[in-house]
Every structure is written in C-alpha cells, then in structure tokens.
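Taking it in order: structure first as structure tokens, then the write-up.
The values are calculated or read from the model by the stated rules, or taken from the named source; none is laboratory data. All figures in this text were calculated on a predicted structure; none of them were measured in a lab. Cβ placement follows ideal geometry from the backbone for every residue including glycine, while neighbour counts extend to all protein chains displayed. The protein model used for the area step is the full one, side chains on, heavy atoms only, and it has no ligands, DNA or RNA in it. Shrake-Rupley method; radii C 1.70, N 1.55, O 1.52, S 1.80 Å.
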Amino acid sequence: MDRVDYSALLDVGWDDAWHAAFGPYRRSGAPGRVSRTDRGGLLTVETAEGTKRARRAPGMRRTADPTTLPTVGDWVVLGEERIDGAPVVDAVLPRRTAIIRQSPEDRGTPAQVLAANVDTALIVVAVDDEVNHRRLDRYLALAWQSGATPVLVLSKADQCPDVAAVLDEMTLAAIGVPAYPVNALTGEGVDALLPHLQPGRTGVLLGMSGAGKSTLANRLLGQEVLAARAVRDDGRGRHTTTHRQLLRLPSGGTLIDTPGLRQLGLWDAGEGIAETFGDIEELAARCRFGDCRHGSEPGCAVQAAIADGSLPTMRLGSYRKLQREREHQARKRDPRLQRAHKNRWRQIHKDLRSHPRYRDD
Ligand SMILES: Nc1nc2c(ncn2[C@@H]2O[C@H](COP(=O)(O)OP(=O)(O)OP(=O)(O)O)[C@@H](O)[C@H]2O)c(=O)[nH]1
Ligand SMILES: [Mg+2]
Ligand SMILES: [Zn+2]
C-alpha cells in the first residue's frame, strides 16, 4: 500500500492534511473520495487507480447517527475486504465541512448530509422571476452552518429586465455574500465563479429544482456531462437531476451537483440565519464580559461549551465567519465604524513597530 501514487487524487481535492488524516490507515487500506451514492450502500469512489464501485461496510448502517454514513464528497478508506467483488469502505475520514439538511422536529425523517468537505456553496437563484427571500435565507443558513463559504449565483440573468437592481437587492439581503449574475446557456458571467473553484477546492451547487444548476455545471465542465431540462420544457414539479454527483472541473477544482430541494415540506420547515446560531448566541449571553470575543477571555460560556463537548468547534468556526462578514459589511456602509477600524489597526501597527522584536536598532 505504501507505493500508492497519491498524485492522481490531487484533482479531487487530496492535500497534505488529508494525507495526514489517512496516515493511521496506510497499512490496511487505500484512500478515495466518494463521487456518488446509490441505494443499498453502493458507492462510487474516485481512487488513485481510477473510479471504483465500492460498498459500505455492513455494520455502518446500524450506526445510531445516519449523518456519519459515507456521502458525496467524503474521503474514505477502502479496505482489503471484498463484497461481491467490490472493495468495502472501512472508515470515513473526519469531515472539514458538511452541508446538513436538518429534519424538522415534527417529522420522522432524519437529518441528511447533502455534501461533505465543501469549500464553497454556490447557491443558484434564478432571477427570471421574483426572488423568494425567505427561501434564500434558508439556503444561506444551510451554507453558513456547514462551514463552507456561500456564494450567490443569479442564474437566467438574460431573462431579468433589471439585473443591477436585483443584484443590489440581493447583496443587501445576503450580507457579505458575493453575487454573480450568469447566463449558463451562453456562458456569460460564468468565468467570475472560477476563483471559487480553484485546484484543491470543492464547490457544491444548491438551489431550487429548475434554477439552472446542471446547466451551469455543464458550462463549467466545458461539456454536456449532466442532463439538464430541455430548454422549452417548463418541467413543473419534476426534478431533472436525481443524484448528487461529484465532478472534476477543467479548472482543477471539484464540483458537486445536487437535485433541487423541494419547494415545500421538509425544506421550508428549516431555520433561517437568525435562528441558525441561536444556541451560540444564547451561550454568548452568559459570557462574563459583554464584548467577549469567545477566545481566551475568562468566564467565556462559548469556550466552556466547546471544552465540555456540547458545542462542536466547527460550528463556532462557521459562526465566526458569518460575524466577520457582517462586521465587514456594516463597516462598508458606516464611515464612523470604518474610521474606528482603521484606528484600531493603526494602533496595532504602532504597537508592533515599537515591539523590541520588530525594531531594527
Ligand atoms: N435563459 C436561461 N435559461 C437557463 C439558464 N440556466 C438554465 N436555464 C434553463 O433552465 C432549465 C432548468 O435547468 P437545469 O440546469 O436542468 O436546472 P437544475 O437546477 O439542474 O434542476 P434540477 O436538476 O431539477 O434540480 C433548463 O431548461 C435550462 O435550459 C440561464 O442562465 N438562462
Ligand atoms: Mg439538475
Ligand atoms: Zn465568550
């Protein structure tokens, strides 16, 4: 196993940190990234030796928490055991991020991991019609909560009478989130997304059925790999994409296409951004200092929750990211805050310059 050439995994996102995480399994297995899941624990896995069909270890399904099962985007360990000739997935490497669709309390459906190890969540919103802001808020909450960075894609911009106005409205509603108008049919505006899909990075397309996710994916791929709805078919109530799928982009990045989440039911019962981090805000209210940054301050209730395991570190990371973006946006609109920020940095730089370590004399 030691002579495996891992370089073939680079274009599905392999890096030094994954190499290290895989370390303990090096003697007993090979690494791979799940590109598709099918019923009955069947998985498609991208490995150093090409694409393989694999199976989930039979014991995995009996786990108490279905969100720990291998899903699209996961890095897994394929062991030596075979079931029906297919290698068996022995372990899932710890996820960096996870797009988790929560189940509403009043339904028996479990939470579902839509995609794992995603860096950028591309929320595709068709602007040929009025934008549903409540729904957009749900998608943003889903993205922020995952640990990935959200990006808004305003698709069907060619069908929108006033793109500039919609863009303004969206950047105001989705604070701190960059928004890009595109026409996925011609490719206009699509290149602006490439900086978010650089080598080693993984993006996921999220959005309503018919928003244009697969059409955009094909444009980014440079060929018609995915079935998209026929141009003149209004396809009401039908999902064209039925599977989540991980694809390699010519840009070197990786992209996951997903079926549109349903308009009603499960999905709309989710939480918006305001409620997403309610647990952290509740904790923060109990910190000793009102302006606690939840770092190394004494009496920090947030850090205490992390220490006792009741708050996952990843969630605090996501919350921080959102806070930073919000502060940044508030500053952009408020000259007084801008000055305060500048002065704070000026003071920090002054302090640094007078620090013995940074002085030349
Ligand atoms: N005019 C215009 N039409 C678009 C654009 N992007 C997609 N479409 C059309 O929108 C329809 C739906 O596109 P799909 O890519 O299948 O949508 P999807 O989001 O993948 O839908 P699901 O797979 O059901 O979730 C198709 O008829 C596309 O041709 C665009 O930028 N401009
Ligand atoms: Mg699709
Ligand atoms: Zn605190």
Exercise. Considering the stretch 19-54 alone, what residues qualify as being in contact with a helix residue (DSSP H, G or I) (Cβ under 8 Å, 6 or more places away or on another chain) and in contact (Cβ under 8 Å) with a residue 60 or more places away in the chain?
Worked result: Pro31, Arg33, Ser35, Glu46
For this session: Can you give me the number of residues within the stretch 258-288 that are farther than 15 Å from Gly207 by Cα, part of a loop (DSSP other than H, G, I, E, B) and at pLDDT 70 or above?
Result: 5
For this session: Might you let me know whether the stretch 105-113 holds any residue that is closer than 28 Å to Val190 by Cα and within 16 Å of ligand 2 (Cβ to nearest atom)?
Result: no
Exercise. Quick one: how many residues across the stretch 199-212 are over 14 Å from Thr120 (Cα atoms) and open to solvent by 10 Å² or more (accessible area, probe 1.4 Å)?
Worked result: 4
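Condition check ((1) surrounded by fewer than 18 Cβ atoms within 10 Å (Cβ to Cβ); (2) β-branched (Val, Ile, Thr); (3) assigned to a helix (DSSP H, G or I)) across all residues:
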residue: Pro24; (1), (2), (3): yes, no, yes
residue: Ser35; (1), (2), (3): no, no, no
residue: Thr44; (1), (2), (3): no, yes, no
residue: Ala54; (1), (2), (3): no, no, no
For this session: Take the stretch 191-231 and flag every residue that is assigned to a helix (DSSP H, G or I), touching a Ser or Thr at 6+ places or on another chain (Cβ under 8 Å) and either more than 7 Å from ligand 1 (Cβ to nearest atom) or under 18 Å from Leu140 (Cα atoms) (or both).
Result: Leu194, His196, Leu197, Lys213, Leu220
Seminar exercise, completed: Over the stretch 56-78, the set of residues without any contact (Cβ under 8 Å) to a residue 12 or more places away in the chain and not in a loop (DSSP other than H, G, I, E, B) is Gly59, Arg62
For this session: Mind telling me which of the residues Pro150, Pro94 ends up being away from ligand 2 (no atom under 16 Å from the Cβ) and touching a residue at least 60 places away in the same chain (Cβ under 8 Å)?
Result: Pro94
Exercise. Under the condition of being touching a strand residue (DSSP E or B) at 6+ places or on another chain (Cβ under 6 Å) and on the phi > 0 side of the Ramachandran plot, which residue from the stretch 170-208 is farthest from ligand 3 (Cβ to nearest atom)?
Worked result: Gly189
Exercise. Quick one: would you say Arg236 is at pLDDT 95 or above and either within 16 Å of ligand 3 (Cβ to nearest atom) or of a type outside the set (S, T, N, Q) (or both)?
Worked result: no
Seminar exercise, completed: Counting only residues in the stretch 22-46 that are modelled with pLDDT under 95 and polar (S, T, N, Q), the one farthest from Asp5 (Cα to Cα) is identified as Thr37
Problem set entry | Filtered residues of the stretch 1-17 (kept if open to solvent by less than 10 Å² (accessible area, probe 1.4 Å), part of a helix (DSSP H, G or I) and in contact (Cβ under 8 Å) with a residue 40 or more places away in the chain) | Val12
